[in-house]
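Participant: Before anything else, here's the structure in question.
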Amino acid sequence: MQHDKLPKQGVAESDEFGGYRLLYALVQRNWSEINVGLKSSVYEQFRQKHERLPKMSAFNHAVQVVKSLMHHNYASFFELYKNPPHLSGYLMDFLVQRVRISGYDRILASFRPTVSISFLTKKLKFYDHQETNEFIRKKGVVFAPASGHRTSVDSLEIDCKASIRNSSSHNRENLLL
């Protein structure tokens with residue numbers, strides 16, 4: 001079928017698939033495609049006619065995801081990840097690990113001298129402490145010396161400075177950008 005004989009997409013469809021296009025470009029780390037998507041006529045159309053679209057359309061949602069990744073804002077990313085429009089969540093699933101790695105590195109750099117495992121579980125939206133433990137062990141975490149009688153996983157503390165040194169010696173192939 002020739003391109004000129006294809007039916008035109010409506011506003012809702014171009015919004016939805018424009019959002020998928022941006023998210024897929026993020027998954028592929030294709031920043032030139034993201035720039036094209038942000039400058040596309042779809043984006044301009046939505047910017048000019050923003051009153052006709054819901055506040056968080058699929059395309060606007062994808063633009064917010066792009067901004068959260070560009071600014072390394074893991075908190076904003078996970079807020080957007082909670083309620084994605086249409087099937088966007090399936091594409092965002094591919095980004096979660098990268099965002100967690102970036103967020104983990106930023107948390108260790110910001111919250112010295114120690115940070116709790118329960119804090120990481122909450123902020124990086126792990127399902128439970130077991131998933132958090134698997135993640136941090138792969139990152140080469142160093143635990144702070146226990147003070148008192150700590151018996152639960154919730155009370156374990158990560159030594160941020162030692163973990164950063166240990167983490168920097170690990171492979172960096174999963175960088176966010």
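Participant: Can you confirm whether the stretch 48-67 contains a residue that is open to solvent by less than 60 Å² (accessible area, probe 1.4 Å) and modelled with pLDDT under 80?
Facilitator: yes
Participant: Name the pairs: first residue in the stretch 144-168 and open to solvent by less than 80 Å² (accessible area, probe 1.4 Å), second residue of a type outside the set (S, T, N, Q) and at pLDDT below 60, Cβ to Cβ under 9 Å, at least 6 apart or on different chains?
Facilitator: SER155/GLY148; LEU156/ARG150; GLU157/ARG150
Participant: Looking at the stretch 20-37, I want the residues that are acidic (Asp, Glu) and have a partner that is assigned to a helix (DSSP H, G or I) and open to solvent by less than 70 Å² (accessible area, probe 1.4 Å) with Cβ atoms under 6 Å, at least 6 apart or on another chain. Which pairs are those?
Facilitator: Within 6 Å, the pairs are GLU33/ALA25.
Participant: Conditions: (1) charged (D, E, K, R); (2) at pLDDT 60 or above; (3) open to solvent by 90 Å² or more (accessible area, probe 1.4 Å); (4) farther than 11 Å from PHE59 by Cα. ASP4 meets all but one. Number of the miss?
Facilitator: That leaves (2) as the condition not met.
Participant: Moving on to the next point. Confirm whether GLY140 is under 17 Å from ILE164 (Cα atoms), touching a helix residue (DSSP H, G or I) at 6+ places or on another chain (Cβ under 6 Å), open to solvent by less than 80 Å² (accessible area, probe 1.4 Å) and assigned to a helix (DSSP H, G or I).
Facilitator: no
Participant: So, of the residues in the stretch 100-123 that are part of a strand (DSSP E or B) and not aliphatic (A, V, I, L, M), which turns out to be farthest from the chain's Cα centre (by Cα)?
Facilitator: Selected residue: THR114.
Participant: With respect to LEU91, determine if the residue is over 30 Å from ILE164 (Cβ atoms) and at pLDDT 95 or above.
Facilitator: yes
The values are calculated or read from the model by the stated rules, or taken from the named source; none is laboratory data. Owing to the predicted nature of the structure, the values given are computational and were not obtained by experimental measurement. For neighbour counting, all protein chains shown are included, and Cβ atoms are generated from backbone atoms with ideal geometry for every residue, glycine included. For accessibility, only protein heavy atoms count, side chains too; no ligands or nucleic acids. Shrake-Rupley method; radii C 1.70, N 1.55, O 1.52, S 1.80 Å.
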